[in-house]
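None of the figures in this text is laboratory data; all of them are computed from the coordinates on show. Computed from a predicted structure; not experimentally measured. Using ideal geometry, Cβ is built from the backbone for each residue, glycine included, and neighbour counts are taken over all protein chains shown.
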Amino acid sequence: MRKTLYRSLTLILLSIFAISCSTGKNETDAKIDKIISEMTLEEKVGQMTQITLDVIGNGEGRHESKVPFEIDTARIRKAIVEYHVGSILNTTNNYAMPPAQWNKIITFIQKVAMEQTRMQIPVIYGVDAIHGTTYTDGAIMFPQQITLAATFNPTHAYNMASVTAYETRASSIPWNFSPVLDLGADPRFSRQFEGFGEDPYLVKMMGLEMIKGYEGITDSIHTKYKVASCLKHFLGYSVPVSGKDRTPAYIPENVLREYHLEPFKAAIASGTESVMINSGIINGITVHASHDIITKLLKEELNFEGVVVTDWMDIINLHTRDKIAKDDKEAIKLAINAGIDMSMVPYEYETFCDNLIALVKEGEVKESRIDDAVRRILKLKLKLNLWEQAVTNISDYPEFGSEKSARMAYEAAAEAITLLKNNNEILPLSKTTKVLVTGPNANSMRTLNGGWSYSWQGEKTDRYTEEFNTILEAVQNEIGTNNVKYVPGVSYVNDGKYFEDVEDQFANAIAAAKTVDAVILCLGENTYTEKSGDLNDLNLSANQLRLAKELAKTGKPVILVLNEGRPRCISAIEPEMKAVFQTYLPGNYGGDALADIVFGDVNPSGKLPYTYPSYPNSLVTYYHKPSEEQKRAEGAYVYESDYNPQYEFGHGLSYTTFEYSNLKVSKKEFSADETLTITVDVKNSGKRSGKESVLLYSSDLYASITPDMKRLRRFSKISLEAGETKTVSFEITDKDLAFVNQHNTWVTEPGEFEITIGGLKTKITFK
């Protein structure tokens, strides 16, 4: 009977897919509604339930483990057969597993779902594959998103997502909780490295390319090489007042719409399949309980038709953390009525299911709300072709872990690493230079990758990365071990918190510096993400700052290499550093890329995707208001504002020089819906080839709301041979110059605007 029903259901779903291709979504919806009408309330609620893998099994994911992971037959039957659970996420015991083991586990899960349940609906498996397939051993680890942003080249975002989709699907996982489109406007925030920096336009453009990479340029998630993407975290998650994860934010609606919403709005219009909700609080309202944000804004205003999923335990947090629900049951009521479609429970699924069923029977949650959620979930499963291809075969993925993909990861790192300072053109170093490599980040694959690398906090990275090169190893490969000395000076505490470090052969490091030509000092952070990465001081640690100062006293040139997820303040030591690099979190090939840049094989071309602050109390984005950059006033009362970043947004040096000239605008005066063409000539006036990110800014000189100093409107990455000139062309309209006014309406007001590219300026007038 079950097999007959399964075959019938499969035929129905295949016909849905075929019909939808020719007749559109209305026919698809009608067919899915018919399936929903045959489901019990319990089966519907089960589809809205997502549990973590450890709930149904025991053991570790490592293939050499003495206790390999095994699914518990009784526990999986209870979850999927009795409670009809429709989704599973995460890895086991925080370990990455090889694709074959993933396939074995997910095959078992899908067999239970499609052979032992009444409706035979496949499970949808999800994972956080953040900068590569996080939890798959052997997958290619790319630079983190913040590093990709520094390339100002969306091709790298596309490549990373495309390879990640391929290798995630090779692991039989079709749903990826990525990309992060949160605005990285606060460097204190522990998840800044997961996003694309502080500028809304940069976030939008990089995010759109990631979605194409994940889902296909023509929306091809039904194929075995693509995955469904999931935008994170809707909305306003990344700017809490305290700077600490999951603490309250206060964001005026016009700011929320102009800066935070735009990347999500564009991504939703592009067709992304799912959205994860902000785990925090905005203006006193917990977002997971906000009908205004989830239903009115996301589903109705933006017309989002995909799946809305919670973050980890965030429905129960309405009761346990935010205290707006007296118990779990009320928390579930608030969240589901707000518009949540799937709950990342992830452990006590019985409580979620039993309470939600009771709420529907009591009339506290309408069954139509349940049907809407299930309709969205089934549609996603159908688009992913899970009835026909719930499990993949690793033999169909010959490019898994390939040299081609590895090269893409290397190129992204090489194009992102940002040269912030190069006094007296000390760089690049000669390959005959004798160097000391020192600092806590000098010999660690863990710090190159950051969090979400083989494990949640990245603490297991070194177990998986023996074949790759740390910064030390890459430098040794570049100039020979005879030219390299290594003394850590400071080391992170094994199994300690990310910020814990200690002196480690400190005096020996200073002594060694006196015997070499130059010092490569590798400072920054150990790995973290989410609450574990909260901080109380944005300065680098006292031990690291002291190491830098003592090394500088030797008189030997110190090249500071920053390897960090967010910009830690270095004003106390920066003047004494001869050169400064920001590597961000460049991934498994970051050490190789850095060594190639330091010794001149690669010309650096990265630019900062955020404003690098000088001090912990000087946290201002580049698009700050004029009052934050006031010149000294005259008179009895003297006012001024000191805009004093360590390095500005968009800053980045090269080993060559670029000259900008002939900034032209097709019209000096323009009106609504007219297109302006803006051109500029860029010449490589140096002696070697290089790449340059050409950034176009606009400034609204006067407006009804005090305008930003400037805003990034377009960018383009170009390559130039020595002596070569290229004309770069951009197009903008009045909509690109608009802002959200006090009535929360987008408007371009008549008046003058200033266009800036590469230090050149011209004015235009909107009539």
* Could you work out how far helix 349-361 tilts from the main Cα principal axis of the chain, as a 0 to 90 degree angle to the nearest 10? => 60
* To do: With mean projected area of the Cα convex hull in nm² in mind, check [x] 31.8; [y] 35.0; [z] 58.6 and report the label derived from this structure.
  => [y]
* Helix 328-338 versus the longest principal axis of the chain: what is the Cα-based angle in degrees, 0 to 90, to the nearest 10? -> 80
* To do: Quick one: compute the contact order of segment 418-598, relative version, from alpha carbon pairs under 8 angstrom and 6+ residues apart, as a percent.
  => 32
* Taking neighbour counts of Cβ atoms within 10 Å as a proxy for exposure, in what order, fewest first, do I559, I277, I357 appear? -> I357, I559, I277
* Structure fact -> Pairs over 26 Å Cα to Cα, from K232/K761; K299/K735; K212/K333; K578/K631; K226/K531; K383/K404, come to K232/K761; K212/K333; K578/K631; K226/K531; K383/K404
* Counting other beta carbons within 10 Å of each Cβ, put W387, W312 in order, fewest first. => W312, W387
* **Cross-link partners of K460 among aspartates and glutamates (Cα-Cα below 13 Å; sequence separation of 8 or more within a chain)** => E60, D137, D495
* Asked: Relative to the present Cα-Cα distance, how much length would full extension add between K763 and T432 at 0.36 nm per residue of separation?
  -> 114.1 nm
* If you add up the charges near E530, with Lys and Arg at +1 and Asp and Glu at -1, over every other residue whose beta carbon is less than 13 angstrom from its beta carbon, what do you get? -> -2
* To do: Read phi for every residue in segment 123-132 and hand back ³J(HN,Hα) as whole Hz from Karplus 6.51 cos²θ - 1.76 cosθ + 1.60, θ = phi - 60°, with x for Gly and Pro.
  => 6, 9, 9, x, 7, 8, 9, 7, 9, x
* Structure fact -> Mean separation of Cα contacts under 8 Å (at least 6 apart) over the residue count of segment 514-666, i.e. the relative contact order in percent, is 20
* If you rank S704, S229, S455 by fewest surrounding Cβ atoms within 10 Å, what's the result? -> S704, S455, S229
* Angle between the Cα long axis of helix 367-383 and the longest principal axis of the chain, 0 to 90 degrees, nearest 10? -> 70
* Structure fact -> Note on segment 656-766: contact order normalised by length, alpha-carbon pairs under 8 Å, 6 or more apart, percent, works out to 33
* Asked: Which distance in Å, rounded to a whole number, links the C-alpha centroids of segment 665-697 and segment 154-188?
  -> 30
